[in-house]
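Presented below is the structure to which this report refers.
The values are calculated or read from the model by the stated rules, or taken from the named source; none is laboratory data. This one's a predicted model, so the numbers in the text were calculated from it and none came from an experiment. All Cβ positions, glycine included, derive from the backbone under ideal geometry; neighbour counts span all protein chains shown. Surface areas here come from the heavy atoms of the whole protein model, side chains and all, with no ligands, DNA or RNA. Shrake-Rupley method; radii C 1.70, N 1.55, O 1.52, S 1.80 Å.
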Amino acid sequence: MITRRELTDGWEFAEAGSESWLPAVVPGCVQLDLMREGQLADPFYRMNEFEAQSLEDKDWVYRTEFILSEEDLASDELVLVFEGIDTYADVTLNDVALGSTANMFVAQRFDLTEHARVGRNTLRVDLYSAVTNIHTLKQNSPLDLISSTEAARPYIRKAQYAYGWDWGPRLVQVGLWRPVRLEIVRGARVVEPFAYTRSVKDGTARLWVGAQVACYVEQALDAEVCVSLDGETKASARVPLSLVRGDMGFDLLLDVPDAQLWWPNGLGPQPLYTVTIRALSGEAVVDETRIRVGLRTIRLIQESDVEGRSFIVAINGVKVFCKGANWIPADSLLPRLTRQDYYDYIRLASEANMNMLRIWGGGIYEDPAFYDACDEMGIMVWQDFMYSCAQYPDELDWFQEAARAEAEQVVAALRNHPSIVLWCGNNENNWGFDEWWHVGQPKYLGNYVYREILPAVCAELDPSRPYWVSSPYGGEHPNCAEEGDRHQWMVWSNWQDYGLYRQDTGRFLSEFGFQAMPDWRTVLSYTAPEDRGILTPVMRSHNKMAEGSERLLRFLAGRLGLPKDLRSFVYLTQFNQAEAIKTGVEHWRLRQFMTAGALYWQLNDCWPVASWSSLDYYKRKKGLYYYTKAFFAPVLPVLQYLDGRITLHGVSDLLETAGGQAHIRAYGLDGTPRGQATVDVTLLPNQVTPLASLSPADLGIGESLRVLPVEGNSQSVPRAFNGELLDTVVYVDLTVGGAVYRNYLVFDRFRELVLRDAAVRVAKRGSTLTLTTDVPAFGVFLETDRDVDLSDNCLNLEPGREVVIRCSGDPGEVRVVHLADLVARI
């Protein structure tokens, strides 16, 4: 039986060589402790990150005391556990060395049997500069490795984003970043429990269950397994412990009748079974542990077809179009994050109709709360191992050993979560071998880890889900469109307009993105008044991509026009981002399942910044978040103008045929109704259905001549267009099963449209707002005096139609801005 005792009290810290001890919080880090003591300015304000970087070369000491009884020391096992030490450290107890650490990602365990004493024990952790250590390793290395940001970072198993990324600051955190505890064991302990669904047939799930048991009693022990749902036993078995793969333990198969299957968000519920494992001596319980599992099967469908080879995730035999985003660490100072933070983020993803998040390989293996929340809310997890945008020294024995040990611990710790559907070896490194570093597919430089170590560990410890070498990966070239997953960065990073998305036929888009500013309140939080200009030093510093601010302006000029001021810049970039990602997602959803996933970059931020996120650092929703709820909805109507006709397609994630009605309306941009059509429709299950094809005349749209410049290969040339069409917007309501799904279509870039000044009116009643407009109004943002959550924003309003917005509280005074207000007439 294990007794766990958290060591959270009495910690203090000091710079190495100093006796100026200050109180410390554990879990925590040096930066947060110094901020708490007023000795370090908030690195997120203005450019204070520069001051924080002065800590990089320093060493630190943490210490505390704890009391042990004679009974504690008489236990069979007494272990000190650090869930996470960041990163290089020596640990001593009572001035006796316990060991050293060099990996932020794994738990460190130290046997105290020989060194602990009755009464007061003094624990000390000496933490050494990560930057100093890795520079020494690099200088002494026989290898010449290439990496983005910090050149020496491949030599350390630490969150790679700490050295700065194109969305995050350089803040090299140091400290005891995860909990510290004592484990006191008597009799036996059940370790590494694992349960997964082998198959589901005729309503019965075949469940494999296994574990190891460390025994300190002489008599033979049994293992009892009980599988329950909502407190009711569904299956159970008792077997004797025996040698299993060299260790004392067991494995067995259980049939779970009337299996309640776990489904991704939007396709069904997420029941979680409790698997209780007991080590028994006769009828006495020697130890007991519990895990939660979801009954579900996973298959990665890769089959040849007319475009190449598919890349489709199937859950319980059903093809799933993966809708979601990439996840980065949600803070540059990780110990600040709480369990509630993780649940809030995953709830927001779920409410935006996402069903997958990809944990990016330059961050961390996330907190248990992240995976628990994903389990409960049906968010599938694409789990990268922590290698990103670098060559790694896996030619060296010590690195191979570290990589293997890390993978074994990570896989064993996470494999029971039903939300995890795929292990992935790294982020972009195999793409880098091919296109950036031009080294082909080498044996080492990290490839030995991705192709040899990781697949072997996953096959041995977790046969329940697929392993994928890299992201992107597949086909003749790692980032090809015909096979595997794809990162689309020609748009934005290569300065290409987002219309290019419509030409991309990738099989699974695991990264693509478009930047925008954070919420206006967030901008105010990190700036002083003199910083509030589009291209001031502070504003450019809070956009970590090279020429990020310039790109924001370039894409505004290309699509919307130039902003009047910084506040206009904030709203225009958010509208432009939302429209860009909508364009890509609609295109790829229309290709279902030739394209089988769209995960945009990125859901969240690690500090207040202009970035690709849909939620800023304070979880404030950008325009993209509101758009996401619509373009990831289970039913998506898409209007297009193709070959002179206005077409409507219905994309359905529903697993049954559904009937409904489409109501299509056309308005002039001056608010004049032009025409309408109503169509009864039938949506086919889990696929795309053509619903209507109309001529412009069918919707009362006439013809007139308008000449506009068109950009050719090397010049801009005037062309004739139908001005009547350019002066029209078409709206659609698709009603299915009592729910209404909406979309709209304009016929050129907004900068080419003659938008009218809309009279948008807001009627406030308590915490409910009702909006109306006299003419079509695009990019409509509500700005409230109080920082309340809004049910919708970044709106495109139809004349005469009420839109009701619910606020989480009294919004105070409400202001409205929209596209025609924000663009400068210069």
Residue-normalised accessible area of the chain, expressed per residue, 1.4 Å probe, Å² = 38 Å²
Taking N as the residue count of region 669-817, its alpha carbon Rg divided by 2.2 N^0.38 Å gives 1.27
Leaving out ligands, DNA and RNA, what percent of the accessible area of region 1-96 is carbon and sulfur, probe 1.4 Å?
-> 46 percent
Taking the Cβ-Cβ separation of Arg347 and Trp398 as r and a Förster radius of 45 Å, what is the calculated FRET efficiency to the nearest 0.05?
-> 0.60
Per residue, the convex hull enclosing the Cα atoms of region 738-799 spans a volume in Å³ of 131 Å³
From the backbone phi of region 58-69, what are the Karplus-calculated ³J(HN,Hα) couplings (6.51 cos²θ - 1.76 cosθ + 1.60, θ = phi - 60°) in whole Hz, Gly and Pro given as x?
-> 8, 10, 9, 10, 10, 8, 7, 10, 9, 9, 10, 9
Whole-Å semi-axes of the ellipsoid equivalent to region 658-755 (Cα gyration tensor, √5λ, descending) | 31, 16, 11
Pop out the carbon and sulfur fraction of the accessible area of region 347-476 as a percent, whole number, probe 1.4 Å.
-> 47 percent
Mean separation of Cα contacts under 8 Å (6+ apart) over length of the chain, as relative contact order % | 9 percent
Mind checking the full-extension length gain between Lys319 and Arg815? Use 0.36 nm per residue of separation minus the Cα-Cα distance, one decimal, nm.
-> 174.1 nm
Restraint check, Lys544/Lys622; Lys319/Lys622; Lys544/Lys619; Lys582/Lys621; Lys201/Lys319; Lys582/Lys629, Cα-Cα greater than 21 Å | Lys319/Lys622
Name the helices (complete DSSP H segments) of the chain with a Cα length along the long axis of 24 Å or more and a Kyte-Doolittle mean of at least -0.5, or state none.
-> 397-414, 566-590
Could you pull out every one of the lysines with an alpha carbon less than 24 Å from that of Lys138, ignoring same-chain neighbours closer than 8 positions?
-> Lys58, Lys158, Lys443
Order the following by accessible area, largest value first: Glu802, Glu192. Probe radius 1.4 Å; ligands, DNA and RNA are ignored.
-> Glu802, Glu192
Alpha carbon centre of region 750-814 versus region 623-658: separation in Å?
-> 23 Å
Computed label-point distance, nm, for sites Met35 and Glu547 using a 7 Å Cα→Cβ extension | 3.3 nm
Please give the calculated 222 nm ellipticity per residue for the chain, where each DSSP H segment of at least 4 residues contributes -39500 (n - 2.57) and the sum is spread over every residue; nearest 500 deg cm²/dmol?
-> -5000 deg cm²/dmol
Run the accessible area of region 621-768 with a 1.4 Å probe and give the carbon-and-sulfur part as a rounded percent.
-> 48 percent
Residue-span extension gain [His477 to Ser141] - 0.36 nm each, minus C-alpha spacing = 117.9 nm
Added length on full extension, which subtracts the Cα-Cα distance from 0.36 nm per residue, Arg292 to Ser54 | 81.2 nm
Under Stokes-Einstein, with the Kirkwood radius over Cα pairs standing in for Rh, what whole-number D in µm²/s applies to region 28-122 at 20 °C and 1.002 mPa s?
-> 136 µm²/s
